[in-house]
1. May I ask you to list the residues in segment 289-305 that are exposed (fewer than 13 other Cβ atoms within 10 Å of the Cβ) and closer than 22 Å to residue 178 by Cβ?
2. Can you tell me which residue within segment 111-126, out of those that are more than 14 Å from residue 68 (Cα to Cα) and in a loop (DSSP other than H, G, I, E, B), is farthest from the chain's Cα centre (by Cα)?
3. Any idea which of 272, 262 is modelled with pLDDT of 95 or more and under 30 Å from residue 183 (Cα atoms)?
4. Can you pull out every residue in segment 83-105 that is at pLDDT 95 or above and touching a helix residue (DSSP H, G or I) at 6+ places or on another chain (Cβ under 6 Å)?
5. Quick check on residue 148: is it in a strand (DSSP E or B), in contact with a helix residue (DSSP H, G or I) (Cβ under 9 Å, 6 or more places away or on another chain) and farther than 24 Å from residue 169 by Cβ?
6. Sort out which residues of segment 83-110 are part of a loop (DSSP other than H, G, I, E, B) and in contact (Cβ under 8 Å) with a residue 60 or more places away in the chain, and write them in order of number.
7. Scan (1) in contact with a strand residue (DSSP E or B) (Cβ under 9 Å, 6 or more places away or on another chain); (2) under 18 Å from residue 186 (Cβ atoms); (3) part of a helix (DSSP H, G or I) for the single condition residue 221 breaks and write down its number.
8. When you go through (1) closer than 23 Å to residue 299 by Cα; (2) without any contact (Cβ under 8 Å) to a residue 24 or more places away in the chain one by one for residue 186, which number turns out not to apply?
């Protein structure tokens, strides 16, 4: 089986992420709570557009490919519970595969094994939100025997210890990992400002923030130039462009003001406070689980982490930024490739 014959997919609550072992990766925004009926068509479309036939696949047909899937969107509030979410998304993935003529589809579980669709549907708690486990297992096998894997996404941060090339946590569900500190609900894009701070200092006064979805951490990053502007992107708190000016206006609303009364330098001061609060939330989880091992970093929110002089292995440097952002997809593609290769030899 060629490296690129296995495609990894992370079916998330806000994004669909794809990767294969040759370094190609793709992330597509997908608000599950709004578009659950479009999962199958979106996957089939993305696979065709971004992983279709090219010369370097040696003429492989879709029938010769396999899908390695991790499901992380099962908690979207369009599902009554995780079991319904896993079962529905597994069925949607199978529909997409059938549309393309792919017969081999496997779902990764927190037991460290791949399951077929029937097994996944019967054991949804094994399949739900297993992306962190897949990534840590891949890192343990390919990089370092002892490490702290940190994956910062748009919504959450995963912090996973590795010891002796094994995932070193007894927590397996989101609930258990929240209590452990290995799942921190802070990301670099979607986290609401009011979830990070209760008050903001402005002109020498500490002002309570409005508990409204007026702005997100992405606005703080835009104002501070941590990320590039994207005027055509309207996936913001108010549906206005992802520009620094619009972001500053959104931040001003958090303290009952607007762009007329907040200078750009003052918006930056507000943004710094928000970023500091986010870093502190993540730092608590890191401190809880860190035993002095090197950090293996993936995701796309490096500005939220203070390395403190520690040894850091960045997947973006080892591969590319797209792979780092889609690291769990890349991990399941690698893990399934190795498993299938071993089984067929």
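1. Within segment 289-305, just 291 meets the criteria.
2. 123
3. Only one candidate passes the filter, namely 272.
4. Correct list: 83, 86, 87, 90, 92, 94, 95, 96, 105.
5. no
6. 110, the sole residue that qualifies.
7. If we test residue 221 against (1) in contact with a strand residue (DSSP E or B) (Cβ under 9 Å, 6 or more places away or on another chain); (2) under 18 Å from residue 186 (Cβ atoms); (3) part of a helix (DSSP H, G or I), just (1) comes out false.
8. (2)
The values are calculated or read from the model by the stated rules, or taken from the named source; none is laboratory data. If you're wondering where the values come from, they're calculated on a predicted model, not measured in any experiment. All Cβ positions, even for glycine, are placed from backbone atoms using ideal geometry, and neighbour counts span all protein chains on display.
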